[in-house]
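Below is one structure; the comments refer to it alone.
The values are calculated or read from the model by the stated rules, or taken from the named source; none is laboratory data. Everything numeric here is computed off the predicted structure, so don't read it as measured data. All Cβ positions, glycine included, derive from the backbone under ideal geometry; neighbour counts span all protein chains shown.
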Amino acid sequence: MCQYSSADGLANDWHVQHLASRALGGAGLVLVEATAVEARGRISPNDLGLWKDSQVEPLARVVRNVEGHGAVAGIQLAHAGRKAGTARPWDGGQPLGDGGWETVAPSPVPFTSAYRVPGAASAGDLAALRAAFREATVRARAAGFRWLELHAAHGYLLHSFLSPLSNQRQDLYGGGFEQRIRFPLEVVRDVRRVWPERLPLAVRLSCSDWMDGGWSLDESIELSRRLKNEGVDLIDCSSGGSTPLALVPAAPGYQVGFAAAIRRAAEIATAAVGLITEPAQAEAIIADSQADLVLIGRAFLRDPYWGLHAARALGEAAPIPSQYLRAF
């Protein structure tokens, strides 16, 4: 996933200007996604991980390559929770059954009947999971990453604590809003203690479950206020993933309103994501102050030169490698 931001858009907000200068310095951001903090937190057996020291150097090579080309390397730390143990998407993405592993979640509620019933996290599990996020953060810094994002979206572990669709506990970590946000806030607090203050910390949220009785935008706004107080710099505004029954109104820019609402109400920097494919579309989001960053994922998979094409489309100078000048 790569970052898009307009210089004019960043200049509109001192906090974002400061945020960008702390890590980006005007450069683009390349974000390594869904890196598991423990083995049982992988979505598939083939996922990246940072749960042991031997995984640091391979990712450090990625960082050196990214930064050698003038960009900033970031990483997203994740735990799949009850959605762990599936085949790779291009192999069908279905739960592995006998080839899978025991999973953990706030409550013993499977994502669908095809998934394993997860174990309800005990006090010992919660302590171990917090330690896993904290230790993976230390390894991420050791690898040289300068931007950290915690994945609390799409029905994975941290989101599953937030959503009443998946969190059916009646203790300190489930029930009302204050209880459901407790564990994610504890993880953020632990991570912020070991991640340097001078480097940005982002959190990806599913801002709505798109389901009656599920996690809502109003809750996302209030959580974002709390996250800001804990030292989070930016909210990456996605949605969905808690239930396969949700009716998601997917259309170009359909999640941008979440970024705009949280930016305005929680007074924190936001990133817009989801079906943002055209340069003018991305530029308008920044120019209209709907978000501070636009994160582009699948458009870059389809076109690795999206950034160069965007610069040309918007009338900006594009740093085209000399070997490719003839093509442009």
| query | Are any of the residues in region 116-123 closer than 19 Å to residue 161 by Cα, more than 21 Å from the chain's Cα centre (by Cα) and assigned to a helix (DSSP H, G or I)? | reply | yes
| remark: Output for Cβ contacts, cut-off 9 Å, separation at least six or different chains, first residue free of Cβ contacts under 8 Å to residues at least 40 places away in the same chain and within 19 Å of residue 46 (Cβ to Cβ) in region 99-118, second part of a strand (DSSP E or B) and not charged (D, E, K, R), reads 100/86; 115/86; 115/95; 116/95
| task | Scan region 69-89 and report the pairs whose first residue is in contact (Cβ under 8 Å) with a residue 40 or more places away in the chain and within 20 Å of residue 203 (Cα to Cα) and whose second residue is part of a strand (DSSP E or B) and hydroxyl-bearing (Ser, Thr, Tyr), with Cβ atoms within less than 8 Å and a gap of 6+ or a chain change. | result | 75/35; 76/35; 77/35; 78/35
| query | Inside region 112-126, can you point out the residues that are in contact with a Gly (Cβ under 8 Å, 6 or more places away or on another chain), closer than 24 Å to residue 172 by Cβ and not acidic (Asp, Glu)? | reply | 118
| task | Could you please find all residues in region 14-44 being surrounded by fewer than 16 Cβ atoms within 10 Å (Cβ to Cβ) and modelled with pLDDT of 95 or more? | result | 39
| task | Report yes if some residue within region 126-149 is closer than 24 Å to residue 211 by Cα, buried (at least 24 other Cβ atoms within 10 Å of the Cβ) and at pLDDT 95 or above; otherwise report no. | result | no
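The rows are residues; the columns are (1) surrounded by fewer than 18 Cβ atoms within 10 Å (Cβ to Cβ); (2) closer than 24 Å to residue 157 by Cα; (3) without any contact (Cβ under 8 Å) to a residue 12 or more places away in the chain.
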| site | (1), (2), (3) |
| --- | --- |
| 233 | no, yes, no |
| 262 | no, yes, no |
| 269 | no, yes, no |
| 277 | yes, no, no |
| 286 | no, no, no |
| 318 | yes, no, yes |
| 328 | yes, no, no |
| said: Return the residues of region 70-115 that are among the small types (Gly, Ala, Ser), under 20 Å from residue 180 (Cβ atoms) and part of a strand (DSSP E or B); say none if nothing qualifies. | reply: 78, 105
| remark: Counting only residues that are surrounded by 18 or more Cβ atoms within 10 Å (Cβ to Cβ) and more than 20 Å from residue 213 (Cα to Cα), region 239-259 contains a total of 3
